[in-house]
Amino acid sequence: MAPAGEAFFHVYRLSIEGSRLERLTDGPFHDIDPAELPDGRVVFTSTRIGTFEEYHSPPSRALFLMNAGGGEIRPLTYTFIFDNEPTVLADGRVLFIRSDNFFDRGKVETLLHAVHPDGTAGVTEFGLDLAP
């Protein structure tokens, strides 16, 4: 969410009864698409990776992890394109969309990737010439 007057989106936690809103991320970054891991950590999409998309130069988006309270933020993926919409699979891996836009050719490459929360064993699950 980006409260009125703020330039960046951040991740918040809302209490189950809806009475308490707690901000988990901060800084000059867009933090979006949070998903909770079974151990309570949160995976989310962010522009804090610090790179820019190679063709049109918007900020790249990568996946990051943080503890349940919002601390110990660290990158999970490294990219100069766009990693979005992480979701947690039944086996504990994080599935996400990686997309690369080629606006001048009217083309978008979209892949489904999966990676373990420790950053290991990343694979393309679906995309290009790879079927599920």
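The values are calculated or read from the model by the stated rules, or taken from the named source; none is laboratory data. Source: prediction; values computed, not measured. Every residue, glycine among them, receives a Cβ derived from its backbone with ideal geometry; neighbour counts consider all protein chains shown. With ligands, DNA and RNA removed, areas are computed over all heavy atoms of the protein, side chains included. Shrake-Rupley method; radii C 1.70, N 1.55, O 1.52, S 1.80 Å.
Rounded to whole Å and sorted largest first, what semi-axes of the equivalent ellipsoid does the C-alpha gyration tensor of the chain yield via the square root of 5 times each eigenvalue?
Three semi-axes, in Å: 26, 20, 12.
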Run the accessible area of segment 1-67 with a 1.4 Å probe and give the carbon-and-sulfur part as a rounded percent.
57
Could you go through segment 54-60 in sequence order and give the Karplus-derived ³J(HN,Hα) for each residue, using 6.51 cos²θ - 1.76 cosθ + 1.60 with θ = phi - 60°, rounded to whole Hz, and x for Gly and Pro?
5, 9, 10, 6, x, x, 5
Accessible area per residue of the chain at 1.4 Å probe, in Å²?
57
Run through the DSSP bridge list for the chain and note the antiparallel percent, rounded to the nearest 5.
95
May I ask you to order 59-66, 81-88, 22-29, 117-124 by the average number of other C-beta atoms within 10 Å around their residues, highest value first?
59-66, 81-88, 22-29, 117-124
Could you run the Karplus curve 6.51 cos²θ - 1.76 cosθ + 1.60 with θ = phi - 60° over segment 34-45 and give me ³J(HN,Hα) per residue in whole Hz, x for Gly and Pro?
x, 9, 8, 7, x, 8, x, 5, 10, 9, 8, 8
